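The values are calculated or read from the model by the stated rules, or taken from the named source; none is laboratory data. This structure is a prediction, so every number in the text was calculated from the model and none was measured. Positions of Cβ are generated from backbone atoms using ideal geometry, with glycine treated the same way; all protein chains shown enter the neighbour counts.
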Amino acid sequence: MARMDVGNGIQPAWENMVRVLFRPFLLRKWLSLGFISLIAYGLSGGGGGFNVPGNYGGNQHPNWPGHNPWPEIMHFLPLIILGFIVLIAIGLLVSWIGSVLHFIYVDNLVRNSGAISEPWGRLRSQGTSYFLWRLAFGLIYMLMLLVVIGTPLIWAFAIARGGDTAFKVLAVVWAIMAGVPLIVAAAIVDLFVRDFVTTVMYARGVRVMEAWGIAWPIIKENAGQIALYILILIAVAIVIGIFGLVVALLCMLVVGIPVGILAAVVILAGKAMGLTWTVPVIAVAATFGCIVLVGWVYLAQCAIQPALAFRRSYALVVMGQADPSLATIGQQG
């Protein structure tokens, strides 16, 4: 088995990024790669939630003066449950699509392309396997956090809230001591899967568990280089973060200034016509705002393609160094 040399992997990864994005520069390819990476590395990893405002002690919430709000909430409970189910289904669908697009993005870096439809059928099986792994790993991780951290905190602050403050302090200390290693371990496992296991899946056309069996000996054999690889990725992440912030601000100016002028004109015209902030008007304004926000994020994602393409190419190069059968893009001697 060949040894990794993560330092020598930087140059071929950079050259592959330049080859894909600038030789030649094709706007359509950039827009396609921006869309793929937005779903694969942005939206598919997101989450959300909501909380119901209220004061559940002896006083009534000011929005519900003089009566208990729970009957109204219970009246809409079926709709609330249905909304949760729909949100979960949408989240799972986006996560699955993003998992497939992860491999499509890699495929485009290897083939110097911006295609979506053609590699979809070819890589859907690997993407689905990756999605199922992410789902199972996420559920196990959340269960571990609940058992190891959540249970002591709930006991200390809810069940034993009338007891000694020392229990609460110990629970918080335990949550920090147990939580930090769990978070770090989960981040490292996610990194191994995203960078190394999926590279094996793509190169060999196998599923997650079989790819783990191939990647794990390589990871163990090159432990020192893997540690250096992680340090390099931290440096790259800092650069990407700074670059991404600058790009996001520039894109906000590009999108925000004309949109702000247009919005001001529309608001002034609406006031002149006697329009008020009714529910339909608010709905239209919210929809327009969401469209602008998505457009801004998409524009920023397209602008940071050099950083993203280098980051993904680097993982491909490093695994190709360790095993020539996994080489997918050009390697330097």
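For segment 99-117, does any single residue satisfy the condition of being in contact (Cβ under 8 Å) with a residue 12 or more places away in the chain, farther than 24 Å from Leu233 by Cα and part of a helix (DSSP H, G or I)?
No, every residue in segment 99-117 fails to be in contact (Cβ under 8 Å) with a residue 12 or more places away in the chain, farther than 24 Å from Leu233 by Cα and part of a helix (DSSP H, G or I).
Check off (1) polar (S, T, N, Q); (2) more than 17 Å from the chain's Cα centre (by Cα); (3) within 24 Å of Gln126 (Cα to Cα) for Asn222 and give me the number that stays unchecked.
Unmet for Asn222, out of (1) polar (S, T, N, Q); (2) more than 17 Å from the chain's Cα centre (by Cα); (3) within 24 Å of Gln126 (Cα to Cα): (3).
Among Trp133, Trp174, Trp120, Trp96, which is the only one that is surrounded by 15 or more Cβ atoms within 10 Å (Cβ to Cβ) and free of Cβ contacts under 8 Å to residues at least 24 places away in the same chain? If you could, list the steps in order and put the result at the bottom.
Working: Trp133 fails: free of Cβ contacts under 8 Å to residues at least 24 places away in the same chain; Trp174 fails: free of Cβ contacts under 8 Å to residues at least 24 places away in the same chain; Trp96 fails: free of Cβ contacts under 8 Å to residues at least 24 places away in the same chain.
Criteria check complete, one pass: Trp120.
Is segment 321-333 home to any residue that is out of contact with any Cys (no Cβ under 7 Å at 6 or more places or on another chain), closer than 21 Å to Ile242 by Cα and among the hydroxyl-bearing types (Ser, Thr, Tyr)?
No: segment 321-333 contains no residue that is out of contact with any Cys (no Cβ under 7 Å at 6 or more places or on another chain), closer than 21 Å to Ile242 by Cα and among the hydroxyl-bearing types (Ser, Thr, Tyr).
Being over 12 Å from Val106 (Cα atoms) and of a type outside the set (A, V, I, L, M, F, W, C) is the filter here; which residues of segment 191-214 pass it?
Arg204, Gly205, Arg207, Glu210, Gly213
Could you grab the pairs with beta carbons closer than 7 Å, sequence gap of 6+ or different chains, first residue in segment 259-270 and closer than 17 Å to Ile291 by Cα, second one surrounded by 12 or more Cβ atoms within 10 Å (Cβ to Cβ) and of a type in the set (Val, Ile, Thr)?
Val259/Val292
Answer yes or no as to whether Gly244 is over 28 Å from Val297 (Cα atoms) and part of a helix (DSSP H, G or I).
Answer is no for this residue.
Can you go through Ala223, Ala187, Ala215, Ala203 and tell me which one is without any contact (Cβ under 8 Å) to a residue 12 or more places away in the chain and within 19 Å of Gly9 (Cβ to Cβ)?
Selected residue: Ala223, the only one of Ala223, Ala187, Ala215, Ala203 that is without any contact (Cβ under 8 Å) to a residue 12 or more places away in the chain and within 19 Å of Gly9 (Cβ to Cβ).
Does Pro324 qualify as being surrounded by fewer than 16 Cβ atoms within 10 Å (Cβ to Cβ), at pLDDT 80 or above and not β-branched (Val, Ile, Thr)?
Values: surrounded by fewer than 16 Cβ atoms within 10 Å (Cβ to Cβ): yes; at pLDDT 80 or above: yes; not β-branched (Val, Ile, Thr): yes.
So Pro324 passes the test.
Can we say Pro217 is surrounded by fewer than 10 Cβ atoms within 10 Å (Cβ to Cβ) and assigned to a helix (DSSP H, G or I)?
Judged against the criteria, Pro217 is not a match.
Out of the residues in segment 268-286 that are β-branched (Val, Ile, Thr) and surrounded by 10 or more Cβ atoms within 10 Å (Cβ to Cβ), state the one that is nearest to Cys251 (Cα to Cα).
The extreme case among them is Val284.
Among (1) within 25 Å of Asp190 (Cα to Cα); (2) loosely packed, with under 15 Cβ neighbours inside 10 Å; (3) at pLDDT 90 or above, there is one condition Arg111 misses while meeting the rest; what is its number?
(1)
Which of the following residues is part of a helix (DSSP H, G or I), β-branched (Val, Ile, Thr), within 28 Å of the chain's Cα centre (by Cα) and surrounded by 10 or more Cβ atoms within 10 Å (Cβ to Cβ): Val297, Val265?
Val297
For segment 1-58, give me the residue count where each residue is modelled with pLDDT under 90 and of a type in the set (Asp, Glu).
So the count comes out to 1.
Of the residues Val255, Val208, Val247, which single one is closer than 24 Å to Thr128 by Cβ and among the aliphatic types (A, V, I, L, M)?
None of the other options fit; the residue is Val208.
Which residue, of Leu139, Leu145, Leu170, is part of a helix (DSSP H, G or I) and in contact with a helix residue (DSSP H, G or I) (Cβ under 7 Å, 6 or more places away or on another chain)?
Checking each option against the conditions leaves just Leu145.
What's the number of the only condition in (1) in a helix (DSSP H, G or I); (2) modelled with pLDDT under 90; (3) not charged (D, E, K, R) that Gly162 fails to meet?
Condition (1) is where Gly162 drops out.
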